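See structure below.
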Amino acid sequence: MMSPRAAGGAGTESPGAGRDRIVVAIDGPAASGKSSTAHMVATRAGLYHVDSGALYRAATAAQLRIQPDVSRWTDAQLPKAVALVTLVARPTAFRPMIGGADVDLEIRGPDVTRHVSLVAQIPNVRAWVNDQIRALARQHDVVVDGRDIGTVVFPDADLKVFLVADPWERARRRLVERSARRPSEADIAEETDRLVQRDARDATQTVQAKDAILIDTTTLTQDEQVSRIVALVEAARARETERGG
Ligand code: CDP
Ligand code: CDP
């Protein structure tokens, strides 16, 4: 079994240290629209998108490659697993790779989704993810999505948004995203259960910052929420310019 300190080594930086770039934090529960919205905001506002969940997923996928049997996970394996993960720059995003290869499909698969919350509980994994993100934010203007970006990773972010949506609608969207066919009520009910269970496992780290702007996307189109956030980014930039930042 793996103990909480298993990843080892990381976690030395203080939030915001040496940073003078724009940071936008988008947090919220599973399938609330964070990643797709953050990506569109990045494209429209000229920022880099960093998906912190993808980093937790990549660490989990690498660990499962090293040892597919979760009951045989040990403390010694996790530092080796995270060492396989690198972040590669795309035109408007940083994407995790494992051993230099694309892992987009693997990290969204059911095996990783089932185990990612367990790996994300390990403090040294959280410290490793946070260090990666803070290092990028020193070099680039970023929009980072996750659970604790506005509270733990960047408590001094220029803009914080917390996205929520009704669980049934989140489940419906997730299924639509995965398959061209219209999901049945039974499929949506099953997916709602899975999402609600993952929300419960992630509850301690999914915290809305006091100064975050809450957007309920249940009845919004994606374009509406993106436009709203892009307007907020522009306002944050104008404030920064006024302050001479
Ligand atoms: O996209 P989805 O909401 O399904 O999940 P994700 O954003 O890809 O995140 C996958 C998992 O990583 C979550 O279920 C959390 O366990 C963990 N996570 C976290 O603990 N903290 C973050 N800042 C982001 C993700
Ligand atoms: O990152 P997170 O798990 O919060 O959500 P996501 O991976 O962005 O998935 C949300 C899905 O809902 C995507 O397929 C979006 O296109 C869709 N969607 C949305 O995010 N917002 C709307 N108002 C309508 C649909």
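The values are calculated or read from the model by the stated rules, or taken from the named source; none is laboratory data. Please read these numbers as outputs of a predicted model, since none were measured by experiment. When we count neighbours, we look across all protein chains shown, and the Cβ atoms used for this are built from the backbone with ideal geometry, even at glycine. Surface accessibility is based on the protein's heavy atoms, side chains included, excluding ligands, DNA and RNA. Shrake-Rupley method; radii C 1.70, N 1.55, O 1.52, S 1.80 Å.
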When you scan segment 134-153, how many residues do you find that are more than 9 Å from ligand 1 (Cβ to nearest atom), of a type outside the set (G, A, S) and buried (at least 24 other Cβ atoms within 10 Å of the Cβ)? 2
Those residues of segment 165-213 which are of a type in the set (S, T, N, Q), crowded, with 16+ Cβ neighbours inside 10 Å and within 12 Å of ligand 1 (Cβ to nearest atom) amount to Q205, T206
Is it the case that segment 226-245 has a residue that's modelled with pLDDT of 95 or more, of a type outside the set (D, E) and within 16 Å of ligand 1 (Cβ to nearest atom)? no
Residue that is farthest from ligand 2 (Cβ to nearest atom), among those in segment 73-91 that are closer than 17 Å to V103 by Cβ and outside any helix (DSSP H, G or I): L84
State all residues of segment 52-72 that are under 10 Å from the mean Cα position of the chain (by Cα) and either buried (at least 24 other Cβ atoms within 10 Å of the Cβ) or more than 8 Å from ligand 2 (Cβ to nearest atom) (or both); if no residue qualifies, say none. S52, A54, L55, Y56, R57
Given the conditions (1) under 18 Å from Y56 (Cα atoms); (2) more than 14 Å from the chain's Cα centre (by Cα); (3) assigned by TED's automatic domain parsing to the domain that holds Q205, report the number of the one that N124 does not fulfil. (3)
Which of the residues that make up segment 88-111 are crowded, with 21+ Cβ neighbours inside 10 Å and of a type in the set (V, I, T)? V103, I107
Among A58, A83, which is the only one that is touching a residue at least 24 places away in the same chain (Cβ under 8 Å), assigned by TED's automatic domain parsing to the domain that holds D104 and among the small types (G, A, S)? A58
Where V161 falls short, out of the listed (1) open to solvent by less than 40 Å² (accessible area, probe 1.4 Å); (2) free of Cβ contacts under 8 Å to residues at least 60 places away in the same chain; (3) not in a helix (DSSP H, G or I): (2)
Considering residues of segment 201-219 that are within 17 Å of the chain's Cα centre (by Cα) and charged (D, E, K, R) only, the residue farthest from V233 (Cα to Cα): R201
Report, ordered by the first and then the second residue, all pairs with beta carbons closer than 7 Å, sequence separation of six or more or different chains, a first member in segment 129-152 that is of a type in the set (S, T, Y), and a second member that is modelled with pLDDT under 95. T151/V207
Subset of segment 131-150 [outside any strand (DSSP E or B) and under 11 Å from the mean Cα position of the chain (by Cα)]: I133, R147, D148, I149
If I filter segment 117-128 for residues that are closer than 20 Å to L163 by Cβ and assigned to a helix (DSSP H, G or I), do I get at least one hit? yes
Quick check: is even one residue across segment 84-95 within 14 Å of ligand 1 (Cβ to nearest atom) and among the hydroxyl-bearing types (S, T, Y)? no
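Take the conditions within 18 Å of A120 (Cβ to Cβ) and either within 16 Å of ligand 2 (Cβ to nearest atom) or touching a strand residue (DSSP E or B) at 6+ places or on another chain (Cβ under 9 Å) (or both) and apply them to R95. Does it pass?
no
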